[in-house]
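Chemist: Got a structure here, written out as structure tokens. Questions coming.
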There are 2 protein chains.
Amino acid sequence: MNVQNPIRSEVATGAIPGSRKVHQAGTHWPDIRVPFREVAVHPSAGEPPVTLYDPSGPYTDPTVDIDINRGLARTREPWVVSRGDVEIVSQPREVRPEDNGGASGAHLAPAFEAPRRVYRARAGAAVTQLEYARRGLITPEMEYVAIRENLRRQASDPALRDGEDFGASIPDFVTPEFVRDEVARGRAIIPANINHTELEPMAIGRNFLVKVNANIGNSAVLSTVADEVDKMVWAIRWGADTVMDLSTGRNIHNIRDWIVRNSPVPIGTVPIYQALEKVGGVAEDLNWEVFRDTLIEQAEQGVDYFTIHAGVRLAYIPLTAKRVTGIVSRGGSILAKWCLAHHRENFLYEHFEDICEIMRAYDVSFSLGDGLRPGSLADANDAAQFAELETLGELTKVAWKHGVQTMIEGPGHVPMHKIKANMDKQLAACGEAPFYTLGPLTTDVAPGYDHITSAIGAAMIGWFGTAMLCYVTPKEHLGLPDRKDVKDGVIAYRIAAHAADLAKGHPAARAWDDALSRARFEFRWEDQFNLGLDPETARAYHDETLPKEAFKTAHFCSMCGPKFCSMKISQEIRDAAAAQNDVADGMADMAKRFRDGGGEVYVPLRGGAAD
Amino acid sequence: MNVQNPIRSEVATGAIPGSRKVHQAGTHWPDIRVPFREVAVHPSAGEPPVTLYDPSGPYTDPTVDIDINRGLARTREPWVVSRGDVEIVSQPREVRPEDNGGASGAHLAPAFEAPRRVYRARAGAAVTQLEYARRGLITPEMEYVAIRENLRRQASDPALRDGEDFGASIPDFVTPEFVRDEVARGRAIIPANINHTELEPMAIGRNFLVKVNANIGNSAVLSTVADEVDKMVWAIRWGADTVMDLSTGRNIHNIRDWIVRNSPVPIGTVPIYQALEKVGGVAEDLNWEVFRDTLIEQAEQGVDYFTIHAGVRLAYIPLTAKRVTGIVSRGGSILAKWCLAHHRENFLYEHFEDICEIMRAYDVSFSLGDGLRPGSLADANDAAQFAELETLGELTKVAWKHGVQTMIEGPGHVPMHKIKANMDKQLAACGEAPFYTLGPLTTDVAPGYDHITSAIGAAMIGWFGTAMLCYVTPKEHLGLPDRKDVKDGVIAYRIAAHAADLAKGHPAARAWDDALSRARFEFRWEDQFNLGLDPETARAYHDETLPKEAFKTAHFCSMCGPKFCSMKISQEIRDAAAAQNDVADGMADMAKRFRDGGGEVYVPLRGGAAD
């Protein structure tokens, strides 16, 4: 408990309207409880509830008492400890002033004070999910993920397969053994630092549901602890599957502690940002020792994946010289600056095996950063970008040799006709390690709307095989996202990810769309809102013009009014046809009866807004 | 002048920030003045201004005095009259009470009163752009369109061709003769009723820039004249190329008059909506006479294209009986109801040649409606949809026989993997007549965000060859769009259309992106805002965190702050490399000098928000 400096942050809690939190237990591991969001529909539908994937954590469970000063329950700690291959770090790295950018007094964010143990692998032990998978072990994390991906479908349920998956291997039903095999092959990762025991495990891989990452984090310009925790909770409430803390200002150690301790989703970081802070912001002063120290600091905190820009090789930097927008990755530009200042190979590349050994000891996953990604359409798919991708493929094999889980970051700004080449090259170069892309943005001309320019590219590359989509908010290129921007970005990317799942023919994807469409056709307005990606907004938009409760059962909406409602008319057509054994014959029959009966298909609205 | 009942509507006028209206004169027709939006960049860039396509009309020209009671200048009237093939209708159809749904007294919207002449073709004359094109005539409309599509590029400018156009025939430079040939082949239309003399002509065709339509219109539930005129002006301000008036309540004749008289863009309607009002909302009571009367009424008003659901054939209706969402097109469901009630073939199909003869006399273009489009993913690409598409192909040939310009409407709700089949089938079935699609929406689960679910599909189908994209607003499925929804829908669709132009490799498309990206890279913030699709929003978002004027010249933004600005670092890399003759050698050199010089690449921000 943070007794001295309790944070009075009010994070968003409570169920999403119309949903309730349900759990499914494991079979191999009976004590695991996998959460889902269940949406019951109106009894008139005669349909079972719809089960949705739920990354929102305990915050949407009304039975859980939330206190961010205490952090989430460490449910996963027994799983980690009981494997018998970790040890308690007797002297964890101590927090130093430079970890928080030298902030002091009123400028220093409070430390997260609830005590916890810090773990690392015993000497010689391999504690990564990849190593377990290779050894044939099905961990609780793997079974958790298997249950989660099936959305409460049963193995015996018929799988609806309608899609084009471009050579993926999506199963009809996800078994724990399938998860193990995908992790063992390196085609999926389960980012799960042994020190992030608050985690609800999830998988990132081409043969699983497409995931979404949300970036948060303060900068030198803006920051508070409470805001960042709130943004994390807000992002997962709307569907972010992982969160990256991209803080760059002061207090980043303490802010990160608050985020990890309160996060049920994997947390990613870019350690070079903090390393740069520790050397006073002077890229040339970066060195292996300060970077190594930062990796250990963050691994002990429980960060689940690190973006490492080890592919920004000295020889590739001249390839960026004639670009329209040069190097647009922060990490990429910092390392390019270091390489040029010293005229030496990137020290992350040279120390890559050392990095692997550290990450392996905590099961931190690699997110191999694309420091040379294009920042404009003009630079898409150029020599610099693809040279780095080849190097990331080489590094993937090194990481795998060390048993470290690995995914690969991708662009950026890419016009539609050049998107598929990115996926194809990534698959070929990186041995099917999961691809994790930022957008891509399909045009440069819409600052303020880059959640849309990039959702287009994200949906497409997700379809082609990208495993996780890094969101872009409307503020991209303009400023740090606030709460509204975070939600807008997450929703746009949930749309892109789900559109990709549908197009891939993921067997668990379309039941949701069909349930919502049936609700729409049957004028079950409440069901339509509740099944929506954002029930609050759907309801608010409907109520802007038809606020009265009576209109929640009306067989029309304000778009067409009662006379012109096509849904209503065609429902009658269907009902009439269904009453006949033979549909085609029935139509002639129906036409006669319909006309004889007066042919009224709507009841004019009396009074109210429609008058 | 509307003396008795002046409308006090305040429509949005004035230049878009950072832009000015410029005009280019014709060569064949020296009196035509084609408008563009010109964005000058900062002198430090050493670049010419950027020319953007501008459908916003005189409203963004500060030199024009706007009064919606008077309507826009009838610039096109001399073009129409001077061809010598039209006559003044001595007794235009008189407005009857049922044209406005029987509204009276305070409920009756004021008539638009400024006098005008009504034209139609002389007996035997063919006044459509299609017929002129076939006869080898280059009309002012055709030259206007040719100039407009080139965005002030010259024939001698090198054409940047980088794209995949799936068999389109996009020229390096658009000549009036090319426009004529495309119109003659039926591959493009120039919707231009001879009674819409306020029009600034534009083309819809696969080999031109992709266009965007915005729907407005009142319903039985909501309406005012001023709101609809305001929405039309607002929609074209943000980039709508055509506007459909989908009004269905009372006063629709008068509202339409106000819209057409004040619109520089083509106006489309769905005449069956008004015909249904005239028969008291009882679909079975529809008949050819009331429909014919409505066509003439609207053609005399100057409507440029009519959606005609002549493809909803009796035999196809049973194909919809087992759909998840039946028939979701309003017009389609009205006609299905009529067909069933009478058990007769659709009277629009049976009277199709009569319809052609009327439309030919005013040069109203067909938008052949897809009354059986899918309303959910489950119904996409089904037998009903494609049966109707085959019929639309058959009707296209009939329309062409009568010299009537024709485009074809398309879906709807379609998952990504089924989009291309729509385009391919349309091209094959309809002889390359322009395709005009609604979205498609790529998932059903996001009510409140369907501008995004559909922008994904719209960008893709635009890339594949769709000529015009009908916008979808965030309110789709929930209510009538307000002003904010109209803007959000138009911007999302301008993004989709431009992303499509880029992917097709349209030679006029990418200069805009490159200019904006250079501005971004060079921290020309004002240029970045002004070149954006929505300068006001871009500026507002930036200023939320860095409002001071000083930050408009800052070499960073609040996303990364001054230390981590990758753009700044990579600019130095480029500058250094450019100073060398040989880039690769220069890098080594630069690395040394850079380090020797202290290696500072940023100036720490003193005071202000970054402290």
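The values are calculated or read from the model by the stated rules, or taken from the named source; none is laboratory data. Keep in mind that what you see is a predicted model, and the values were worked out from it rather than measured. Glycine also receives a Cβ, built like all others from the backbone with ideal geometry; neighbour counts cover every protein chain displayed. These accessible areas exclude ligands, DNA and RNA; they are computed on the full protein's heavy atoms, side chains included. Shrake-Rupley method; radii C 1.70, N 1.55, O 1.52, S 1.80 Å.
Chemist: How high is the relative contact order of segment B:1-91, in percent, counting Cα pairs under 8 Å that sit 6 or more residues apart?
Modeler: Values: 90 pairs, mean separation 23.4, N = 91.
For segment B:1-91, the relative contact order is 26 percent.
Chemist: Please get the size of the charge dipole for segment A:334-420, origin at its Cα centre, with Cβ charges of +1 on Lys and Arg and -1 on Asp and Glu, quoted in debye to the nearest 20. All intermediate terms of the calculation are to be shown ahead of the outcome.
Modeler: Numbers: 8 positive and 13 negative charges, 45 e Å.
The dipole magnitude comes to about 220 debye.
Chemist: Right, something else. What number, in percent, do you get for the relative contact order of segment A:370-428 if the mean sequence gap of Cα pairs under 8 Å and at least 6 apart is divided by its residue count? Could you put the intermediate results ahead of the total?
Modeler: On the way: 49 pairs, mean separation 27.0, N = 59.
This gives 46 percent for segment A:370-428.
Chemist: Something else now. Out of residues 5 or more away from A:Leu441 or on other chains, whose amide H comes under 5 Å of its own, with H placed 1.01 Å from N in the peptide plane?
Modeler: Placed amide hydrogens put A:Gly412, A:His413, A:Val414 under 5 Å from A:Leu441.
Chemist: Still on this model: Using the Cα centre of chain A as the reference point, and only Cβ charges (+1 on K/R, -1 on D/E), how large is the resulting charge dipole? Debye, rounded to the nearest 20.
Modeler: The dipole of chain A has a size of about 200 debye.
Chemist: In whole Hz and in residue order, list the ³J(HN,Hα) couplings for segment B:499-512 that follow from phi through the Karplus curve 6.51 cos²θ - 1.76 cosθ + 1.60, θ = phi - 60°; x for Gly and Pro.
Modeler: 4, 5, 4, 4, 5, 6, x, 4, x, 9, 7, 7, 4, 5
Chemist: Same structure, new question: Might you tell me the accessible area per residue for chain B, computed with a 1.4 Å probe and given in Å²? Spell out each step's value before the answer.
Modeler: Working: 19030 Å² over 611 residues.
Per residue, chain B has an accessible area of 31 Å².
Chemist: How far is the Cα center of segment B:182-241 from the Cα center of segment B:488-517, in Å?
Modeler: Each part reduced to its Cα centre gives a spacing of 19 Å.
Chemist: Indicate the residues belonging to segment B:444-465 that lose 40 Å² or more of solvent-accessible heavy-atom surface (probe 1.4 Å) upon moving from the chain alone to the assembly of all protein chains, ignoring ligands and nucleic acids.
Modeler: Flagged in segment B:444-465: B:Asp444, B:Val445, B:Pro447, B:Tyr449, B:Ile452, B:Ile456, B:Met460, B:Trp463.
Chemist: Need one value for A:187-199: mean number of C-beta atoms belonging to other chains within 10 Å of its residues' C-beta atoms.
Modeler: The mean count of partner-chain Cβ atoms within 10 Å per residue comes to 0.
Chemist: Follow-up. Please list, ordered by chain and number, the residues whose modelled amide H lies under 5 Å from the amide H of A:Met244; skip anything fewer than 5 residues away on the same chain.
Modeler: Sorted by chain and number, the residues that satisfy this are A:Ala214, A:Asn215, A:Ile216, A:Gly268.
Chemist: Here's another thing I want to ask about it. If the label for A:His28 sits 7 angstrom from Cα along the Cα-to-Cβ line, what are its distances to the same label in every other copy, in nm to one decimal, shortest first?
Modeler: Result, one decimal in nm: 7.3.
Chemist: When the Karplus curve 6.51 cos²θ - 1.76 cosθ + 1.60 is applied with θ = phi - 60°, which whole-Hz ³J(HN,Hα) does each residue of segment B:324-330 get, with x for Gly and Pro?
Modeler: 5, 10, x, 9, 10, 7, 4
Chemist: Separate question: Which of rounded, prolate, oblate describes segment A:91-509, given a ≥ b ≥ c as roots of the alpha-carbon gyration tensor eigenvalues and a/c under 1.5 marking rounded, otherwise prolate only if a/b is larger than b/c? Numbers along the way, then the final one.
Modeler: On the way: a/c = 1.34, a/b = 1.15, b/c = 1.16.
In terms of gyration-tensor shape, rounded.
Chemist: Of the accessible area of segment A:91-509, with the probe set at 1.4 angstrom, what percent is carbon plus sulfur? Can you show the working numbers first?
Modeler: Values: 5020 of 10050 Å².
C and S atoms contribute 50 percent here.
Chemist: Longer than 31 Å from Cα to Cα, which of A:Lys231/B:Lys418; B:Lys475/B:Lys552; A:Lys231/A:Lys397; B:Lys211/B:Lys418; A:Lys211/A:Lys425 are they? Say none if no pair is. Don't jump to the answer; show the numbers that get you there.
Modeler: Numbers: A:Lys231/B:Lys418 36 Å; B:Lys475/B:Lys552 35 Å; A:Lys231/A:Lys397 35 Å; B:Lys211/B:Lys418 22 Å; A:Lys211/A:Lys425 21 Å.
Violating the 31 Å Cα-Cα cut-off are A:Lys231/B:Lys418; B:Lys475/B:Lys552; A:Lys231/A:Lys397.
Chemist: Per-residue counts of other Cβ atoms within 10 Å, averaged by peptide: what ranking do you get for A:255-267, B:30-42, highest first? Numbers along the way, then the final one.
Modeler: Working: A:255-267: 25.6, B:30-42: 18.2.
Answer by packing, highest mean first, reads A:255-267, B:30-42.
Chemist: What residues in segment B:383-417 lose 40 Å² or more of accessible surface when the other protein chains are added to their chain alone (1.4 Å probe)?
Modeler: B:Met416, B:His417
Chemist: Measuring from a point 7 Å out along Cα→Cβ, what nm distances, shortest first, does B:Pro17 have to its partners in the other copies?
Modeler: B:Pro17 label point versus its equivalents elsewhere: 3.3 nm.
Chemist: How many nanometers, to one decimal and shortest first, lie between the label point of B:Pro97 and those of its other copies, if labels sit 7 Å from Cα toward Cβ?
Modeler: 8.9
Chemist: Moving on to the next point. With a cap of 16 neighbouring Cβ atoms within 10 Å, and only residues DSSP puts in a loop, list the GluC sites (Glu not before Pro) found in segment A:140-232. Present the calculation step by step, with values, prior to reporting the outcome.
Modeler: Details: sites: A:Glu141, A:Glu143, A:Glu149, A:Glu164, A:Glu177, A:Glu182, A:Glu198, A:Glu228; in loops: A:Glu164, A:Glu198.
Sites meeting the loop and neighbour criteria: A:Glu164.
Chemist: Specify the inter-centroid distance of segment A:273-307 and segment B:78-94, based on alpha-carbon positions, in whole Å.
Modeler: Centre-to-centre distance over Cα atoms comes out at 78 Å.
Chemist: Roughly how many debye, to the nearest 20, is the charge dipole of the protein assembly as shown about its Cα centre, given +1 on each Lys and Arg Cβ, -1 on each Asp and Glu Cβ, and no other charges? Before the final figure, lay out each step's value.
Modeler: On the way: 132 positive and 166 negative charges, 0 e Å.
The dipole of the protein assembly as shown has a size of about 0 debye.
Chemist: Give the relative contact order (percent, whole number) for segment B:91-509; include only Cα pairs under 8 Å separated by 6+ residues. Mind showing how you got there, number by number?
Modeler: Numbers: 929 pairs, mean separation 84.0, N = 419.
It rounds to 20 percent for segment B:91-509.
Chemist: Another question about this same structure. Angle between the Cα long axis of helix A:176-185 and the longest principal axis of chain A, 0 to 90 degrees, nearest 10?
Modeler: Approximately 40 degrees, to the nearest ten.
Chemist: Counting only the heavy atoms of the protein chains, how much of B:Leu314 is accessible to a 1.4 Å probe, in Å² to the nearest 10?
Modeler: 40 Å²
Chemist: Moving on. For peptide A:535-546, how many partner chain Cβ atoms fall within 10 Å of a residue's Cβ, on average? Walk me through the numbers on the way to the answer.
Modeler: Details: counts 2, 1, 6, 8, 3, 2, 13, 6, 2, 6, 8, 4.
Mean inter-chain Cβ contacts per residue within 10 Å come to 5.
Chemist: For A:Lys231, what accessible area in Å² do you get when you roll a 1.4 Å probe over the heavy atoms of the protein chains, rounding to the nearest 10?
Modeler: 20 Å²
Chemist: Just to check I understand the Karplus step: with θ = phi - 60° and J = 6.51 cos²θ - 1.76 cosθ + 1.60, what whole-Hz values come out for segment A:259-264, glycine and proline as x?
Modeler: With coefficients 6.51, -1.76 and 1.60, one gets 5, 5, 5, 10, 10, x Hz.
Chemist: How big a patch of accessible area, both sides summed and in Å² to the nearest 100, lies buried between B and A at a 1.4 Å probe?
Modeler: That pair of chains buries around 10900 Å² in total.
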